[in-house]
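**Q** This is the structure, below, for whatever I ask next.
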Amino acid sequence: MQAGIESISIYTSQYYLDLKALANQSGEDPNKYYIGIGQQRMSVPPPDEDVVTLAANATAQALQGIDTTALDTFLFATETGIDQSKAAGIYVHELVRLPKNMRVFELKQACYSGAGGLSMAVPYLLHHPDRKVLIVAADVARYGIGSIGEPTQGAGAVAMVLSTNPTIMTFDLESGLYTNDVMDFWRPNYADEALVDGKYSIKMYITALREAWQQYTGITGRPFGDFHRFVYHLPFTKMADKAHQFLVRHANAELNQEEWQRQIDDAAIYQRFIGNTYAGSVFVALTSLLDNSQEDLAGKRIGLFSYGSGSVGEFFSGIVQQGYKAYLKKALHHEIIAGRAELDYETYREFYTFKSRLPTDGAVMQTPKYNAGRYRFAGLADHKRLYEVVV
Ligand code: COA
């Protein structure tokens, strides 16, 4: 018996900024963003969108055709939660009408927590084969106007139903792990924007990859050649090039650039247009690979590396299942990404700064209506966040 993904779906906010608009402001050559870091556009949430609404939209999509009575666990992975105590997943649980007899809680460790949730869910399901686990990773990546990280912002969510009926992909139980206390990216409780030492973070990412890979291969004895494709956490798409180039060399794999590039390129397509989704990023990348690979990946082994600054890294793997394409939501994902409205720079600034204008004294406030999909953040009253179903 094996456990893995029965359904997976992504959602992103319905507005974006093209990075050439950012380049016009910063005075940078747009190719620094398009080519240098490999980012074209970034999703920008409107005032009535947050991690709850992003997650609820992704969850509703992933649950289409799924028997929810078997769901007993909902893990919500985020580093941009909306409350210090209550799990954002409980709002989602109510919005999408999940069964009451289940547990819901939040996971946090920068961009890693979604993968951590998956590592706990797979053995859990093997012990409880009649149950299903919902993992949702949602984040709004904010680094600050004019900051070095600004072109790598983004917003989105990925929802996965895991079960012992893994129609899309199974996961192996073994993984390579690495934890190291470093300050490469963090967000103090009083800050709305992440702080990042970008160059240091790239180094720490590679260190974690090397250590996790080393442990993984030590445990499994699996050589590099057993992997058909690789899916990396993508703070920006060029990070996968840096990571994979390193791994190819480190593993003494005899691949030319075209060959190793082919192992990672399909996974980067969505991220290039959405931007960073932090905890969701490695699974947005997995969805991108499964949706966009021209090749039939059935029976192929995929290597995945999740990295969360601070830092935790995990290398793990899985096998794509026969007939998986019939269970993907590729057309919907393409429609969501292509259907977004472009923002001018001024409106991006207005959306971005809206958060700082939210009342903190319990006053009533209604958010202006934008397009936030089926669920929206309607406002605040008595220090409580209010959500509503749109359609
Ligand atoms: N055309 C093509 N490439 C260009 C270019 C141009 N006109 N101008 C610059 N570049 C290239 C640079 O050569 C560099 O490539 P390299 O990394 O292969 O050397 C790349 O673009 C980035 O330029 P750089 O000057 O290093 O950018 P930066 O100082 O603005 O920093 C990041 C880039 C990614 C480090 C920064 O945006 C960041 O910190 N982002 C957040 C990252 C993050 O989230 N980390 C934590 C989670 S893992």
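**Q** Condition test on Y15, is it without any contact (Cβ under 8 Å) to a residue 24 or more places away in the chain and among the aromatic types (F, W, Y)?
**A** So Y15 does not fit the description; no.
**Q** Does S175 count as open to solvent by 20 Å² or more (accessible area, probe 1.4 Å), in a strand (DSSP E or B) and of a type in the set (S, T, N, Q)? Please lay out each step first, then the result.
**A** On the way: open to solvent by 20 Å² or more (accessible area, probe 1.4 Å): yes; in a strand (DSSP E or B): yes; of a type in the set (S, T, N, Q): yes.
So S175 passes the test.
**Q** Among what's in the range 181-200 and is part of a strand (DSSP E or B) and of a type in the set (A, V, I, L, M), pick the residue that is surrounded by the most Cβ atoms within 10 Å (Cβ to Cβ).
**A** Checking each candidate, the answer is V196.
**Q** Select from the range 211-246 the residues that are more than 10 Å from the ligand (Cβ to nearest atom) and acidic (D, E) and write down the one among them that is nearest to A268 (Cα to Cα).
**A** Going through the qualifying residues, I end up with D226.
**Q** Right, next: For a quick check of your reading: which helices (runs of 4 or more DSSP H) sit entirely within the range 1-106 and have at least 2 residues that are crowded, with 22+ Cβ neighbours inside 10 Å and at positive phi? Before the answer, list the steps.
**A** Details: elements: 19-26, 51-62, 88-95.
Filter on the range 1-106 gives an empty set.
**Q** So G81 ticks every box in (1) free of Cβ contacts under 8 Å to residues at least 60 places away in the same chain; (2) more than 22 Å from S281 (Cα to Cα); (3) not charged (D, E, K, R) but one. Which box is left unticked?
**A** (2)
**Q** Follow-up. Residues in the range 231-254: is at least one part of a loop (DSSP other than H, G, I, E, B) and either touching a Leu at 6+ places or on another chain (Cβ under 6 Å) or open to solvent by 60 Å² or more (accessible area, probe 1.4 Å) (or both)? Steps first, please.
**A** Keep residues of the range 231-254 that are part of a loop (DSSP other than H, G, I, E, B), which gives 233-237, 251-254.
Narrowing the set further to residues that are either touching a Leu at 6+ places or on another chain (Cβ under 6 Å) or open to solvent by 60 Å² or more (accessible area, probe 1.4 Å) (or both) leaves 252, 254.
Yes, there is a match, as at least one residue in the range 231-254 is part of a loop (DSSP other than H, G, I, E, B) and either touching a Leu at 6+ places or on another chain (Cβ under 6 Å) or open to solvent by 60 Å² or more (accessible area, probe 1.4 Å) (or both).
**Q** Can I ask one more? Exactly one condition in (1) out of contact with any strand residue (DSSP E or B) (no Cβ under 7 Å at 6 or more places or on another chain); (2) within 16 Å of the ligand (Cβ to nearest atom); (3) in contact (Cβ under 8 Å) with a residue 40 or more places away in the chain; (4) not aliphatic (A, V, I, L, M) is not met by H250; state its number.
**A** Result: H250 passes all but (2).
**Q** Being under 26 Å from T68 (Cβ atoms) and either within 11 Å of the ligand (Cβ to nearest atom) or part of a strand (DSSP E or B) (or both) narrows it down to one residue among V140, V136; which is it?
**A** Answer to the check: V136.
**Q** Another question, then. Please go through the range 152-172 and pick out each residue that is in contact with an Asp or Glu (Cβ under 9 Å, 6 or more places away or on another chain) and open to solvent by 10 Å² or more (accessible area, probe 1.4 Å). Working first, answer last.
**A** If we filter the range 152-172 for residues that are in contact with an Asp or Glu (Cβ under 9 Å, 6 or more places away or on another chain), which is where we start, we get 154-157, 160-168.
Matches in the range 152-172: T164, N165, P166, T167.
**Q** Restricting to the range 285-315, name every residue that is open to solvent by 10 Å² or more (accessible area, probe 1.4 Å) and in contact with a Ser or Thr (Cβ under 7 Å, 6 or more places away or on another chain).
**A** R301, S309, V312
**Q** Take the conditions open to solvent by 10 Å² or more (accessible area, probe 1.4 Å), near the ligand (Cβ under 10 Å from one of its atoms) and not polar (S, T, N, Q) and apply them to M204. Does it pass?
**A** Working: open to solvent by 10 Å² or more (accessible area, probe 1.4 Å): yes; near the ligand (Cβ under 10 Å from one of its atoms): yes; not polar (S, T, N, Q): yes.
Judged against the criteria, M204 is a match.
**Q** Take the residues of the range 179-201 that are of a type in the set (S, T, Y) and more than 14 Å from the ligand (Cβ to nearest atom): which is nearest to S356 (Cα to Cα)? Break it down stepwise before answering.
**A** If we filter the range 179-201 for residues that are of a type in the set (S, T, Y), which is where we start, we get 179, 190, 200-201.
Then drop every residue that is not more than 14 Å from the ligand (Cβ to nearest atom), which leaves 179, 190.
Details: T179: 34, Y190: 12 Å.
Top of the filtered list is Y190.
**Q** Right, something else. Name the residue, out of E335, E342, E346, that is exposed (fewer than 14 other Cβ atoms within 10 Å of the Cβ) and within 30 Å of F171 (Cα to Cα). Talk me through it step by step, then tell me what you get.
**A** Working: E342 fails: within 30 Å of F171 (Cα to Cα); E346 fails: within 30 Å of F171 (Cα to Cα).
Exactly one of E335, E342, E346 is exposed (fewer than 14 other Cβ atoms within 10 Å of the Cβ) and within 30 Å of F171 (Cα to Cα), namely E335.
**Q** Still on this structure, I have one more. Q109 - would you say it is of a type in the set (S, T, N, Q), surrounded by 24 or more Cβ atoms within 10 Å (Cβ to Cβ) and more than 20 Å from A56 (Cβ to Cβ)? Break it down stepwise before answering.
**A** On the way: of a type in the set (S, T, N, Q): yes; surrounded by 24 or more Cβ atoms within 10 Å (Cβ to Cβ): no; more than 20 Å from A56 (Cβ to Cβ): yes.
So Q109 does not fit the description; no.
**Q** Residues in the range 258-265: is at least one charged (D, E, K, R) and in contact with a Lys or Arg (Cβ under 8 Å, 6 or more places away or on another chain)? Give the steps one after another, and end with the answer.
**A** We begin by selecting, within the range 258-265, every residue charged (D, E, K, R); these are 258-259, 262, 265.
Remaining after also requiring in contact with a Lys or Arg (Cβ under 8 Å, 6 or more places away or on another chain): none.
No, the range 258-265 has no match at all.
**Q** With the requirement that a residue be within 14 Å of the ligand (Cβ to nearest atom) and touching a residue at least 60 places away in the same chain (Cβ under 8 Å), what does the range 33-68 give you? Walk me through it before giving the result.
**A** Kept after step one, since they are within 14 Å of the ligand (Cβ to nearest atom), are these residues of the range 33-68: 33-40, 42.
Answer for the range 33-68, where residues must be within 14 Å of the ligand (Cβ to nearest atom) and touching a residue at least 60 places away in the same chain (Cβ under 8 Å): Y33, G36, I37, G38, Q39, Q40, M42.
The values are calculated or read from the model by the stated rules, or taken from the named source; none is laboratory data. Everything numeric in this text was worked out from a predicted model, so none of it was measured. Note that each Cβ is placed from the backbone with ideal geometry, even for glycine, and that neighbours are counted across all protein chains shown. For accessibility, only protein heavy atoms count, side chains too; no ligands or nucleic acids. Shrake-Rupley method; radii C 1.70, N 1.55, O 1.52, S 1.80 Å.
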